[in-house]
Each structure stands twice: as structure tokens, then as C-alpha cells.
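As C-alpha cells, the structure follows; a few thoughts come after it.
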Amino acid sequence: MKSHAQVVVIGGGVVGCSVLYHLTKAGWRDVVLLERSELTSGSTWHAAGGMHTLNSDPNVAKLQHYTIELYKEIEEISGQSCSVHMPGGLMLADTPAWLDFLKVTQGTARVLGLETELISIEEAKERHPLINEKRFLGALYDPMEGHVDPSGVTHAYAKSARLGGAEIERFTRVVDLQPLKDGGWEVITDKGGIKAEHVVNCGGLWAREVGRMVGLELPVLAMEHHYLITDEMSEVSGRSQELPHCIDFGAEIYMRQEHGGLVMGTYERNCVPWSPKQTPWDFGHELLQPDMDRISGNLDMAFDHFPALETAGIKQVINGPFTFAPDGNPLVGPVRGLKNFWVACGVMAGFSQGGGVGLALSNWMVEGDPGMDVFAMDVARFGDYATMAYTNAKVRENYGRRFRITFPNEELPAARPLRTTAIYDRLKDANAVFGASYGMEHALWFAPEGVEPFETPTYRRSNAFEPAKAECKAVREAVGMTETAIFAKYEVTGPEAEGWLSHLLTNRMPREGRLVLTPMLNPAGKIIGDFTVAKVGPERFFIFGSGIAEDYHLRWFEQHLPESGVRLQSRSRDLQGFIIAGPKSRELLARLTDTDVSNAAFPFMDFRRMDLGMVPAWVGRINFTGDLGYELWVAPDDLRRLHADLLAAGEDLGLCQFGLRAILSLRLEKSYGTWAREYRPIYTPMEAGLDRFVDLRKNAFIGRDAVLKEKETGPKLRLVTFIVDVDEADVVGDEAVWRDGAVVGWVTSGGYAHHADCSVALAYVPAALANSEGNFEIEILGDRRPAKLQPEPLFDPQRERMLG
Ligand SMILES: Cc1cc2nc3c(=O)[nH]c(=O)nc-3n(C[C@H](O)[C@H](O)[C@H](O)COP(=O)(O)OP(=O)(O)OC[C@H]3O[C@@H](n4cnc5c(N)ncnc54)[C@H](O)[C@@H]3O)c2cc1C
């Protein structure tokens, strides 16, 4: 074994071998993989090998597509067969809701350029004669589905990596990791040590334990998973063509052909975690004791849905563990706070995702950026709230719901409430319907008195529609207040603070007492953040950003922090507050303070310290509703008092509490985008319409060269607003935008703009089409609805309300 390597990859499952291969492909050849046993010795060896492209996140779906296409390449390089079978796959809907799901999935697949096809159940039966057609309503056919041999794939990656210069040491267990002064790692194994510049944790079933070697508690948990293999069946073995894969959402099973029989697996609702605290190091090529009772309900339904199954003999029952993150997507990327320590774990679909994970991670290590939008699988999408107990609750929920619809307006109940602010009970008393974001409870909308605060999950308009409309009306006609619990807040201080922020962010930093809006770019000029910055002292700034991206942004900030002169702190837990907005919001504010808040004394984009009643606060004249309004920030233990004082002072002004649904509606009328929807690392500020917040007069900031280049060539895409002629269902995001019979773009978000009284979609289209006339349509639930470009904001296009 070598004594030094540029990279040590820990773990020789499908993911570790893919990472190793991709590193060599990217030109890093001094790379070593350490495996405590034989390759495939974790969850990989007993996988069913199924693969598919579709994923609820289109960016992950793209990586799954890449993975499936990659098998040809590694077979060719290595000479090792992956036993790729591509019979295609059927998703079977047995209820109208599942039919809706298939239509939504088909729309997203179109955006991705995938050739999926909605077919009748009769057509499905022609492809898969074992189906009981009486039990289903329709199907989605995806030609990019199939299965591989897990061991073949892993060895094909491994051989390809070796041919690229990598070394693989089997039967070598990493027992500890020690940081070195130069930023590298001493990798201590049972066979000696290796000094590595970078370490990648691909420990699969042991990823948690490898994480603990560096003081990290990764949010991963292994679950027991059953599948069974039938004896040969005459209905299967005589066929000239392999049966397509099947997902039967009703019975919650997946199925595929294996030689002359079938493989059938299920994600049991009454699921069971495996080794929830600690994975034993001596767990080898073992299977777990099957528990047929756990899957008997699914089997009964499967017999009804596929009658030939009932008489089939069972050759083998497999019960094996594999790992999940709380939302079921992988954990990939550099770990905040640790230098040169990377993870690629929690990969629950290694044969659909392993290639994409390897590509993204190797790009990240070699180029400094994953090269694509991987937020949905970025390890930084979870914060410190994702403890082991949280992970346990969420993984069980996610596993048990694998074949259940999560509607776009649905908030799942596990691990809640976790974080609450001091007014949680007050909001509850006011009949709030809550959502959870980054562990924090926040009001989505308020149910009318006497009505149960519960939102019906649906693809169509829900019972939140009328209450949210009333909340929007109150904001536009009087004044509303809402909590800002889910914002991320940071404080930056020090003599170098301004210079550092100016280098990191695209806009000019504000004068003291003022605010600016600013994107943050990566060197390729793509948006990796959008913030509001307030200068609150000569060397002191507050930054407000998206709550769900807190760890993601802190990681970037910390990676770029100079050795001295700048101090960065998260203030998310100790700055809380409210937005008050609407034409009477100034009057409300004035009632609580002696500070002059007239337009002349406290203009748009000012940021001040003032007392609000008895509470010291920071107040910014800015808010996300596009109306006259303010953000009020106080210490958490002042929140209740301020809440009570605002309610009392606003009573005769028509003050109404509003929730996130109303904000998201109000901002549509201003065509304001949001992080993770309109603003993501696949778009540039010019494409997103944020170029007015990029100050090219500044000599240097990250991404400046790329912005200048784009100025010459022009943007490829443009974010536009459509008014959509809908029928009971608004867009949610990821719908296809059609023009003259072809898909030309995709929706990022939208919904009903209650004050403007129309349905709105924000979407990216090719820049050339952004101002064009033409017959645009947006596909909602399989229906192509006419859509009209809306060139200016629907509400207050001259900004008179906001500035007045
Ligand atoms: C029953 C079952 C059916 C499945 N079916 C499918 C399917 O149809 N399709 C699909 O895509 N996925 C399926 N999976 C999931 C799939 O197996 C996983 O996604 C995949 O195996 C994850 O691979 P990995 O490399 O991340 O982890 P693992 O396979 O667990 O690999 C981790 C490796 O790291 C090594 N290691 C850990 N710690 C150390 C250390 N300290 N030192 C050295 N080596 C170490 C381990 O020995 C192990 O070999 C299934 C899983 C199960 C259990």
C-alpha cells in the first residue's frame, strides 16, 4: 500500500468505485480506494439492480439518466459486463390521484427530454400480460428503465478506474482519520497509514461510523428491505421479450423479470430500521432474517393485481439493509467545517444514481464545482437540526411513503414540531396551518375560526385557497403581519468585512443604515445565493438569505473566509421577527415607535435600530410582498411582546396575520423569484433578471469574468412571467412550457395571484423567445393550457406603493 495519495476513497461499493472511476476520468490518477473486505461487501452485493431515470427532482433525474447511459462506457473500457437489461418500465395507477401523478411525471419528463408515454391500461397489458387490467386506470411507460448486475457494475467501475491509474486495496479497513496541518488527512488503517490530500467517505452502511471518525454525525440510517424471487413461471418463461419493470403504487411493490421468474420488492409501511445507532464492523456478506408478516399485506394486493403471482413458488426471500437520508436523496459534497473531507453516501438507488454521484463529486473535487445543480443531493441541505433521532423519524416516514404521493401542498408529519418560535402557541390559537422548513415550524395560512386547521393534499386548489385570498386582500388593502422564522441570518464584522463581502457578492455594499439586494455567484457566473445585506455599523453587516440554504451558504462563506479581519456568525437562532406589509403598515409602525418613519425620514431600503414599544429592534424598509412594508428583527425573547403589541396596535387598522401561501402569491404579482426555484446554480443573473444587482464597476468579485463574457454573448435563457388560463389547478413547478407544438422551457414556480386575480407561472424560456408573441402553452396535469407572457409586474409596476 502507498504511503501518500492525492485522494483516498473509503468504501468499495458501487458508489466508491464510481467516484474512483470518475476521479481518474477527470485526470486525477494518484487515487486509492480502501475496502475493508471484498468489493460490494456493503449493501451493493444484494441489491436488486433495478434502475430508472425518473426522480421528483429533475436535476437528480438528469444524473440518473447519465448513470444509465454510462454503463456502455464502463463496459467498453473495462471489458466487464454489467448485464444491462433495458426492457423499459411501467408505472401503474390504480386511482385518479395516481393518474394525476403520472400526468405530472410525464410533464416533467418532457422538460428533461425523456421519451415517456402515457398509455391506457389495455396497452400496458399488451406489454405486461400478467397485469389484472380491472385494477388499474392507466400507466406511464418509460423506455429508460431496466436492471443491471450489481457486482458486474461495481467491478466495471473498479476495473475502469484501475486502468485509469487508480489503486484498490481490499481487506483494508480504515480505523481512524486524523487531520494534518497542511489540510490533508492521515488515514489510519489496519494495515498501516496513508497520508491523503483528500478523503471521500463512500462508506455506505458504515458511512455514519466513518463520519464519526472526524466528529461528524451524518443524517443517514439503514432500513431493512425485502424482495423475493419466484420460481420459474410459465407465464414468464415462455416469452420471447423480457417483461417491462413495473411499479404498482396501489400494492406498493416493484417487480421485474429475473430469468423465467419474477423479482418483487416492497417498501413496507411498517418498516424497520437496521442497526439504528451503530453498524457492526463485522457485518459481512450476510442477509437479515426475512419477516413475511411485514410484507403479507402487500403480497395479498399483489396477488389481486397480478393473479399469476398467487400460484408462483418463492425461490428466495432477500432481506437486506441499505441507507437513506431523511428525504431519500444522496448526501454528496464537501462537508462544512472540515477541510478536504468529502462524502458520497446515503445513496439509496446506487444503480440509478451511482454514476451521477461520481460525476458530480469528481467535478466538485477537481474543478471546485459540481458543474450542475446538485442542491437536492448536497450534504449541506441539512442543518444541525438533522440529529440521529430526527433522521430516524424522517427516514422511516420517507421509506414507508416510497410508493405514496406527496402532493405539492403536503407537509409531512414526522419529527414535528421540532423547532418553534416563542409565538408558536399564539399562531396555533389563531388557527394556523403549519409547515416545517429546515426544522422550523411556520404558518402557511390561517384557517377561519371554527374550521379545522388542516390542508387537504391535492394537485388542485386546496381549502387554503379562500383563506389565503383573504390574507392577500388584507395586505393589499390594509396591513398584514407574518413571522420571518424561516429566513437565514448572518452577521459579518471586522475591518475587512466590507472588502470581503464586496468580493463575495455582486452588488456594491450599502452605506451605513442602508440595504442592498445582491446575488452571489460561483466562478462560472451561476447564482449560488441571493441576499439582502444591511450595513449596521462602520464594520458591521447583517445578511438575510434563504433558510433552507443556511449550511450551504455558510460552507461557501467559510471556505472563502480570510485568516483575519473578518468574523462571520450565523444569527438565525437569535434574530427573529415579522414582516408587516400593506398600505397601512407605516401607520402601524408609527404607532409603536417614536422614530420618524415618514417616507422622507425612513425611505425604501433604509435599515435602522429603533424601539418598537418596549422592544429594541432592527427595522428594514423592505419586504417580499412588493407593497409598502417593513421587516422587524428582535431577540427571540422579545418576540412575544412585539407580537402582542403589533396585534393590539393594528386592530383598528384591519391588521391580519398571514402565512407563507399569501407571501408566495403576493410575490408572484411582482414576478419576484425565490431561492431554489428561480435562483439556482444553473442560471446566471442575466437569465434570472438579477443583472441590475450586479455592479460591474467593482473591480473584482467572484463570477465577474463570467458575467462580462455573458454580456458579450447574451444570456441563453430568460426568466419570464406567464398568465395561464387554468382550470382548478395552478402550476407548481417543473411543468413543460410549449410553444407552437414544441417544448421550449420549464416552469420554476407559480400559483394563483389572488390580488391580480389570475393564475401565474414563472418560467425559463430561450432568451430569443422571451419577448416573442406566439402560442405559448403550459402543461398542467396533462392538459396544455394557453399562457400569455406578462412583460411587467401585475402589481404596482411603477413601484409607487413600495416607494411611496
Ligand atoms: C435488498 C436491497 C435491494 C436493493 N435494490 C436496489 C435496486 O434495485 N436498485 C438500486 O439502485 N439500488 C438498490 N439497492 C440499494 C443499493 O444497494 C445501494 O444504493 C448501494 O449499494 C449503495 O452503495 P454504496 O457504495 O453507497 O454502499 P455499500 O454498498 O454499503 O458500500 C460501502 C462499502 O464501504 C466499505 N467500508 C465501509 N467502511 C469502511 C472502512 N472504514 N474502511 C474500508 N471500507 C469500508 C464497506 O465494506 C462497503 O463495501 C438495494 C439494496 C438492498 C439492501
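Laboratory data are not the source of any read-out in this text; all were calculated from the coordinates shown. These numbers were taken from a predicted model, which means no experiment stands behind them. Here the Cβ positions follow ideal geometry from the backbone for every residue, glycine too, while neighbour counts run over all protein chains shown.
At 7 Å along Cα-to-Cβ for each site, give me the label-to-label distance between Met1 and Asp291 in nm.
The modelled label-to-label distance comes out at 3.7 nm.
Only counting other Cβ atoms within 10 Å, I'd like Lys181, Lys698, Lys103 sorted with the fewest neighbours first.
Fewest to most other Cβ atoms nearby, the residues stand as Lys181, Lys698, Lys103.
R0 = 51 Å: FRET efficiency of Met614 with Thr456, Cβ-based, nearest 0.05?
0.80
Could you order the peptides 162-168, 514-520, 148-154, 767-773 from most to least packed, using the average number of other C-beta atoms within 10 Å per residue? Intermediate results must be reported in sequence, preceding the final value.
Numbers: 162-168: 17.4, 514-520: 22.1, 148-154: 23.7, 767-773: 13.6.
Ranked by mean Cβ neighbours within 10 Å, highest first: 148-154, 514-520, 162-168, 767-773.
By the gyration tensor of its Cα atoms, with a ≥ b ≥ c the square roots of the eigenvalues, what is the shape of the stretch 1-99: rounded for a/c under 1.5, prolate for a/b over b/c, or oblate?
prolate
Under 11 Å from the Cβ of Leu23, count the other residues' Cβ atoms, weight Lys and Arg +1, Asp and Glu -1, and hand me the total. Kindly include the intermediate steps, with their values, before the conclusion.
Working: positive: Lys25, Arg29; negative: Asp30.
Local net charge: +1.
If amide H atoms are built 1.01 Å from N in the plane of the peptide, which residues on other chains or at least 5 residues away come under 5 Å of the amide H of Gly88?
Amide H to amide H, under 5 Å and 5 or more residues apart or across chains, Gly88 pairs with Glu145, His245.
For a footprinting-style exposure proxy, rank Ser585, Ser502, Ser43 by other Cβ within 10 Å, fewest first.
Arranged by neighbour count, lowest to highest, Ser585, Ser502, Ser43 become Ser502, Ser43, Ser585.
Helix 639-650 against the longest principal axis of the chain: what's the angle in degrees, Cα atoms only, rounded to the nearest 10?
Long axis of 639-650 versus the principal axis of the chain: about 50 degrees.
If you take every residue apart from Pro495 with its C-beta less than 12 Å away from the C-beta of Pro495, what net charge results, scoring Lys and Arg +1 and Asp and Glu -1?
Values: positive: Arg540, Arg567; negative: Glu496, Glu498, Glu539.
My count for the surroundings of Pro495 gives -1.
Between the stretch 511-544 and the stretch 381-442, how far is it from one alpha carbon centroid to the other, in angstrom?
After rounding, the separation between the Cα centres reads 29 Å.
Between the stretch 663-677 and the stretch 455-484, what's the alpha-carbon centroid distance in Å?
Between the Cα centre of the stretch 663-677 and that of the stretch 455-484, the gap is 14 Å.
Please list, in chain and number order, the residues 5+ apart from Ile168 or on another chain whose amide H is under 5 Å from its amide H, with Hs placed from the backbone.
The answer is Leu33.
Checking the a/c ratio against 1.5 first, then a/b against b/c, what shape does the Cα gyration tensor give for the stretch 381-445?
oblate
In terms of the Cα gyration tensor, with a ≥ b ≥ c the square roots of its eigenvalues, is the stretch 622-710 rounded because a/c is under 1.5, prolate because a/b exceeds b/c, or oblate?
Values: a/c = 3.10, a/b = 2.23, b/c = 1.40.
Prolate shape, in that a/c is at least 1.5 and a/b is the bigger ratio.
Can you work out ³J(HN,Hα) from phi for every residue in the stretch 96-102, in order, using Karplus 6.51 cos²θ - 1.76 cosθ + 1.60 and θ = phi - 60°, giving whole Hz and x for Gly and Pro?
Karplus values, whole Hz, x for Gly and Pro: x, 5, 5, 5, 4, 4, 5.
For Cys656, enumerate residues with amide H under 5 Å from its amide H, sequence gap 5+ or separate chain, H modeled in the peptide plane.
Residues meeting the amide H criterion: Val479, Gly480, Met481.
To the nearest 500 deg cm²/dmol, what mean residue ellipticity at 222 nm is calculated for the chain from DSSP H runs of n ≥ 4 alone, each contributing -39,500 (n - 2.57), summed and divided by the residues?
-7500 deg cm²/dmol
Starting from the 7 Å offset along Cα-to-Cβ, what nm value, one decimal, do you get for the label separation of Lys191 and Leu137?
Using points 7 Å along Cα→Cβ, the separation is 5.7 nm.
Can you give the net charge of the other residues whose Cβ lies under 13 Å from the Cβ of Pro603, counting K and R as +1 and D and E as -1? Provide the component values of the computation, followed by the final result.
Values: positive: Arg511, Arg514, Arg586, Arg608, Arg621, Arg799; negative: Asp596, Asp606.
Result for the neighbourhood of Pro603: +4.
Looking at the chain, what % of its DSSP beta bridges pair antiparallel, to the nearest 5?
About 85 percent, rounded to the nearest 5.
Rounded to whole Hz and in sequence order, give me ³J(HN,Hα) for the stretch 521-528 from the Karplus expression 6.51 cos²θ - 1.76 cosθ + 1.60, θ = phi - 60°, writing x for Gly and Pro.
Once rounded to whole Hz, the list reads 10, 8, x, 7, x, 9, 6, 10.
What whole number of Å gives the distance from the Cα centroid of the stretch 737-768 to the Cα centroid of the stretch 594-628?
Their Cα centres are 35 Å away from one another.
Using Cβ counts within 10 Å as a stand-in for footprinting exposure, how do Met610, Met51, Met388 rank, fewest first?
Arranged by neighbour count, lowest to highest, Met610, Met51, Met388 become Met388, Met610, Met51.
Short version: ³J(HN,Hα) in whole Hz for each residue of the stretch 708-725, in order, from phi by Karplus 6.51 cos²θ - 1.76 cosθ + 1.60 (θ = phi - 60°), x for Gly and Pro, what are they?
4, 5, 5, 4, 6, 7, x, x, 7, 10, 9, 7, 10, 10, 10, 9, 10, 8
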